[in-house]
Amino acid sequence: MSAVLGYRSFGAADVQEFFDRPDPSPGPAEVLVRVAAAGVNPLDHLLRSGHVRELNGHVPFPQVLGMEAAGTVLAVGDEVTGLAVGDRVTGFALTGAGTYAGTTLLLAASTARIPDALPETWAATIPVSGTTALDVLDQLAPPDGAALLVNGIGGGVGSAVARMARDRGLVVVGTGSAAKRDRATAVGAIFVDYAAADLMDRLRTYAPDGFAAVVDTVGGTSLRTVAPLATTPDALVSVGDPSVTELGGAFVRRRLDRSGLERVADLMVTGRLDPAVTATYPLARAGEALALVESGHAPGKLVIDMAL
Ligand SMILES: NC(=O)c1ccc[n+]([C@@H]2O[C@H](COP(=O)([O-])OP(=O)(O)OC[C@H]3O[C@@H](n4cnc5c(N)ncnc54)[C@H](OP(=O)(O)O)[C@@H]3O)[C@@H](O)[C@H]2O)c1
């Protein structure tokens with residue numbers, strides 16, 4: 001039995017409630033994990049509010065918040081290979097099983113062991129922000145030294161994209177609110193305030209012939225504003241707005257595999273990727289963390305730490 005934060009109907013934050021749940025039994029391709037840390041992501045509130053019912057409309061209530069966690073394996077399903085009881089892991093939860101929870105079920109194919117030196121509060125950010133950043137950069141594959149624009153550099157995904165891109169030798173320019181300037185410059189990116197009246201002129205000065213790659217994490221009007229800055233339409237990929245295809249760009253292709261998780265974990269333990277966790281919360285205050293993310297302007301990457 002463990003405490004969880006979930007909901008019994010779709011709705012706004014007021015449908016969230018704490019309750020106790022018996023430890024679930026893993027299906028053949030799942031592992032039961034004692035959660036040490038869980039990442040807080042925009043998808044958590046989108047699932048709760050019923051905005052993405054194609055993902056969780058079929059899942060019985062109560063559903064539990066959270067998509068990603070790091071922790072220790074307590075039990076493995078019959079068909080699971082490469083993971084064993086006692087392993088420290090990070091991975092994606094079964095939809096609705098949630099990770100704002102003492103224990104949960106992770107999908108074995110989307111779960112990887114983590115190095116001993118990697119703290120769970122970092123590892124918990126690998127599945128969503130970490131591997132999304134990896135996937136989008138692999139998809140765009142800009143050449144060494146090329147200019148990359150990150151629209152929304154202050155967020156969990158944008159910040160990880162910027163760090164990985166710098167590590168790959170790219171020139172990184174990113175947009176954010178003034179509060180995100182230090183986060184961006186700390187990783188060697190050029191920062192441009194998206195509220196600047198001359199935003200487009202400023203961005204063009206850094207890539208007069210266009211950006212070889214544009215990663216959008218914001219979507220909507222903001223995506224449409226920066227889209228023309230890509231050298232060609234297929235140099236534009238959005239991680240959050242599928243309507244990017246109307247502009248000739250592509251939506252991120254997600255792999256959700258074990259090897260992507262391992263690659264990001266390796267970047268972290270070798271000092272090439274700091275997930276820049278700006279705040280950790282006890283489970284009892286998980287709702288506060290999610291409210292900040294739901295505002296669209298979280299101060300950075302937020303993580304629930306079960307040890308608090
Ligand atoms: N496809 C996938 O598998 C996948 C995976 C992860 C995330 N996503 C999606 O990607 C999006 C971003 O996720 P995230 O985890 O990075 O979110 P996040 O950590 O909450 O960050 C969102 C960021 O957007 C910035 N922002 C808001 N309006 C902006 C604007 N007009 N211009 C530039 N920046 C702006 C905010 O910065 P300021 O405070 O500076 O405004 C904030 O830092 C979400 O839509 C999420 O659902 C998709």
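See the values below:
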{"quantity": "Which numbered condition Ala195 fails, given (1) within 13 Å of the ligand (Cβ to nearest atom); (2) open to solvent by less than 20 Å² (accessible area, probe 1.4 Å)", "calculated": "(2)"}
{"quantity": "Given (1) acidic (Asp, Glu); (2) open to solvent by 30 Å² or more (accessible area, probe 1.4 Å); (3) within 10 Å of the ligand (Cβ to nearest atom); (4) closer than 22 Å to Ala141 by Cα, number of the condition Asp234 does not satisfy", "calculated": "(3)"}
{"quantity": "Helices (runs of 4 or more DSSP H) contained in the stretch 39-124 and holding at least 2 residues among the charged types (D, E, K, R) and under 24 Å from Ala298 (Cα atoms)", "calculated": "42-49"}
{"quantity": "Hits in the stretch 194-232 - residues which are assigned to a loop (DSSP other than H, G, I, E, B), closer than 20 Å to His297 by Cβ and in contact (Cβ under 8 Å) with a residue 60 or more places away in the chain", "calculated": "Thr217, Val218"}
{"quantity": "Test: residue in the stretch 28-45 that is open to solvent by 40 Å² or more (accessible area, probe 1.4 Å), out of contact with any Ser or Thr (no Cβ under 9 Å at 6 or more places or on another chain) and within 16 Å of the ligand (Cβ to nearest atom)", "calculated": "yes"}
{"quantity": "Which numbered condition Arg254 fails, given (1) in contact with a Ser or Thr (Cβ under 9 Å, 6 or more places away or on another chain); (2) more than 13 Å from the ligand (Cβ to nearest atom); (3) charged (D, E, K, R)", "calculated": "(2)"}
{"quantity": "Matching residues in the stretch 219-231 - criterion: being under 21 Å from the mean Cα position of the chain (by Cα) and surrounded by 22 or more Cβ atoms within 10 Å (Cβ to Cβ)", "calculated": "Leu223"}
{"quantity": "The stretch 254-269, residues that are under 14 Å from the mean Cα position of the chain (by Cα) and either β-branched (Val, Ile, Thr) or open to solvent by 60 Å² or more (accessible area, probe 1.4 Å) (or both)", "calculated": "Arg254, Arg255, Leu256, Val264"}
{"quantity": "Arg272 being away from the ligand (no atom under 16 Å from the Cβ), surrounded by fewer than 21 Cβ atoms within 10 Å (Cβ to Cβ) and outside any helix (DSSP H, G or I)", "calculated": "yes"}
{"quantity": "From the options Ala84, Ala75, Ala117, Ala101, residue that is over 19 Å from Arg255 (Cα atoms) and touching a Pro at 6+ places or on another chain (Cβ under 8 Å)", "calculated": "Ala75"}
{"quantity": "Members of the stretch 172-192 found to be farther than 14 Å from Leu149 by Cβ and either surrounded by 23 or more Cβ atoms within 10 Å (Cβ to Cβ) or in contact with a helix residue (DSSP H, G or I) (Cβ under 6 Å, 6 or more places away or on another chain) (or both), listed by number", "calculated": "Lys180, Arg183, Val187, Gly188"}
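The values are calculated or read from the model by the stated rules, or taken from the named source; none is laboratory data. What you see is a predicted model; the values in this text were computed from it and never measured. Note that we place each Cβ from the backbone using ideal geometry, even for glycine, and neighbour counts take in every protein chain shown. Note: accessible area is taken over every heavy atom of the protein model, side chains too, but ligands, DNA and RNA are not part of it. Shrake-Rupley method; radii C 1.70, N 1.55, O 1.52, S 1.80 Å.
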